[in-house]
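What follows is one structure encoded as structure tokens, with my remarks underneath.
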Amino acid sequence: MSLPIAELVPEHVRCFEAYTPSKPDPELMRLYGVERLHRLNNNENALGPPPAARKVIEAFEAGRSAIYPSGDSYFLRTALSERFGKDPDCFLVGNGSCEVIASVIKAFCEKGDNIVTADKTFAVYEWVAEFSGFQARLVPLKDYGFDPDGMLAVQDGRTKILFVCNPNNPTGTWWDRDQMERFLRGVAGRAIVVIDEAYREYVDDERFPDGMELLERHPNVVVFRTFSKMYALAGLRVGYVCGQREVIDYIRRTHIVYSVNGMGQPAAAAALQNDAEHILATRHMVDSAKALLLPAFDELGLPHVSGAGNFVMVETPASDSLIYRQLMRRGVMVRTMTGFRFPNWVRISLVQEPVMQDFLAAFREVIAGVRA
């Protein structure tokens, strides 16, 4: 007698479509017949980690791989507390921001609850809620940005968390201090507000709201940040959440310990040391790439969206999956945006000029081909 596996699975899991990541680069290169591949799909910092973090990685001894890491990222939390002037217990570190997203949802949601976020933003908020059995209420973007009034309109007594990606991935739009304060007053402490600041270090504008300061005045605010983007430690998977101690204590109860590896913790702590030059160099690289790409998109007559962050989106005159395949055959990998509910758009990571020139040459060729 066969075991009725499907009958053991909750309906919300059976109905959820699993995410399929791309194949490893060597396999993609073999499949598309290319000898080199420019990775412009995941918003990685092509400059690599800051010097202090690089030294930690290079000095990591193989024998240390036999030793469990700190279960609660003790020294990294200490480094974060020194950087931001907060108690170490106000920080919880996870295996990338995705893990802390799951921990926050598990901590506050129960059957019948919902979360609120935008329809075109970082999809993991929606995914974790849905495959955990909670409703994700998705509010359409307004002028490519989060719509605060729309979010407040769908909030009800069962809304436990509102997720605001600031700046937003993939549009780069962001709320200024006044807009964020108005939104928080509208929420009125009735739900947790997660401010995801994964791309915060790419913003150099005094109007940008500092989540670390907001949470001191709004106990229901928690802030996500990551070492994957600006600090170029994506392969080591280190992200964290910061909030008031009572809030973090509840989240910690749902969080798995020992999830952050023994190289990632010291590398992330080191990345915070004397990072100003690294941040300026990265911002300069991004600005230079935008200055090259945006006029080229205008010349091609293609709509584009570019705000804060190390990426730009462009609408193409053909299927985004077709554009992806054609670029892959030319050794360039971009991100298709249908999954972000932007059909026929692609997102391009902004890196050094030689690679951007290679992308433009390939992109122009592909666009000419589909228009022919």
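The values are calculated or read from the model by the stated rules, or taken from the named source; none is laboratory data. Treat the numbers as computed from the prediction; the structure is a model and nothing was measured. Glycine gets a Cβ as well: all are built from the backbone with ideal geometry, and neighbour counts include every protein chain shown. When the accessible area is computed, the model is the full protein with side chains, heavy atoms only, and any ligands, DNA or RNA have been set aside. Shrake-Rupley method; radii C 1.70, N 1.55, O 1.52, S 1.80 Å.
Considering only region 74-90, state which residues are over 21 Å from Asp275 (Cα atoms), in contact with a strand residue (DSSP E or B) (Cβ under 7 Å, 6 or more places away or on another chain) and either open to solvent by 20 Å² or more (accessible area, probe 1.4 Å) or of a type outside the set (A, V, I, L, M, F, W, C) (or both).
Correct list: empty.
Give me the residue from region 182-223 that is among the β-branched types (Val, Ile, Thr) and under 19 Å from Met151 (Cα atoms) and, out of that set, most open to solvent (accessible area, probe 1.4 Å).
Checked region 182-223; the qualifying residue most open to solvent (accessible area, probe 1.4 Å) is Ile192.
I want to confirm something. Restricting to region 232-251 and keeping residues that are out of contact with any Ser or Thr (no Cβ under 8 Å at 6 or more places or on another chain) and either open to solvent by less than 10 Å² (accessible area, probe 1.4 Å) or small (Gly, Ala, Ser) (or both), which single residue is farthest from Ile105 (Cα to Cα)?
Ala232
Of all residues in region 33-42, which are over 17 Å from Gln357 (Cα atoms) and either in contact with a Leu (Cβ under 9 Å, 6 or more places away or on another chain) or surrounded by 16 or more Cβ atoms within 10 Å (Cβ to Cβ) (or both)?
The one that is over 17 Å from Gln357 (Cα atoms) and either in contact with a Leu (Cβ under 9 Å, 6 or more places away or on another chain) or surrounded by 16 or more Cβ atoms within 10 Å (Cβ to Cβ) (or both): Val34.
Taking only pairs six or more apart or across chains, which ones have beta-carbon atoms under 7 Å, a first residue in region 1-29 that is assigned to a loop (DSSP other than H, G, I, E, B), and a second residue that is among the charged types (D, E, K, R)?
If the second residue must be among the charged types (D, E, K, R), the pairs left are Phe16/Glu130.
If a residue has to be open to solvent by 10 Å² or more (accessible area, probe 1.4 Å) and in a strand (DSSP E or B) to count, how many in region 337-372 make the cut?
Result for region 337-372: 1.
Please count how many residues of region 161-172 are touching a residue at least 60 places away in the same chain (Cβ under 8 Å) and closer than 17 Å to Glu201 by Cβ.
Residues meeting the conditions: 4.
Looking only at region 324-336, which residues are outside any loop (DSSP other than H, G, I, E, B) and small (Gly, Ala, Ser)? Break it down into steps so the answer makes sense when it comes.
Of the residues in region 324-336, the ones outside any loop (DSSP other than H, G, I, E, B) are 324-328, 332-333, 335-336.
Those that are outside any loop (DSSP other than H, G, I, E, B) and small (Gly, Ala, Ser): none in region 324-336.
As an exercise: evaluate Arg36 against (1) charged (D, E, K, R); (2) within 27 Å of Val128 (Cβ to Cβ); (3) part of a loop (DSSP other than H, G, I, E, B) and give the number of the one condition it does not meet.
(2)
Okay, residues lined up against (1) modelled with pLDDT under 95; (2) buried (at least 22 other Cβ atoms within 10 Å of the Cβ); (3) in a helix (DSSP H, G or I):
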position	(1), (2), (3)
Glu44	no, no, no
Arg54	no, no, yes
Ile57	no, no, yes
Asp72	no, no, no
Leu92	no, yes, no
Lys106	no, no, yes
Gly112	no, no, no
Glu130	no, no, yes
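Have a look at Gln155, Gln135, Gln179 and point out the one that is touching a Lys or Arg at 6+ places or on another chain (Cβ under 8 Å) and open to solvent by 10 Å² or more (accessible area, probe 1.4 Å).
Numbers: Gln135 fails: touching a Lys or Arg at 6+ places or on another chain (Cβ under 8 Å); Gln179 fails: touching a Lys or Arg at 6+ places or on another chain (Cβ under 8 Å).
Matching residue, one of Gln155, Gln135, Gln179: Gln155.
Among the residues of region 346-372, how many are touching a residue at least 24 places away in the same chain (Cβ under 8 Å) and over 18 Å from Ala289 (Cβ atoms)?
Count: 6.
Going through region 114-128 one residue at a time, which ones are open to solvent by 40 Å² or more (accessible area, probe 1.4 Å) and in contact with a helix residue (DSSP H, G or I) (Cβ under 8 Å, 6 or more places away or on another chain)?
If the condition is that a residue be open to solvent by 40 Å² or more (accessible area, probe 1.4 Å) and in contact with a helix residue (DSSP H, G or I) (Cβ under 8 Å, 6 or more places away or on another chain), then Lys120 is the only one that fits.
Per-residue answers, yes or no, for (1) without any contact (Cβ under 8 Å) to a residue 60 or more places away in the chain; (2) under 19 Å from the mean Cα position of the chain (by Cα); (3) part of a helix (DSSP H, G or I):
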{"site": "Val260", "(1), (2), (3)": "no, yes, no"}
{"site": "Ala268", "(1), (2), (3)": "no, yes, yes"}
{"site": "His278", "(1), (2), (3)": "no, no, yes"}
{"site": "Thr282", "(1), (2), (3)": "no, yes, yes"}
{"site": "Ser288", "(1), (2), (3)": "no, no, yes"}
{"site": "Ala291", "(1), (2), (3)": "yes, no, yes"}
{"site": "Phe297", "(1), (2), (3)": "yes, no, yes"}
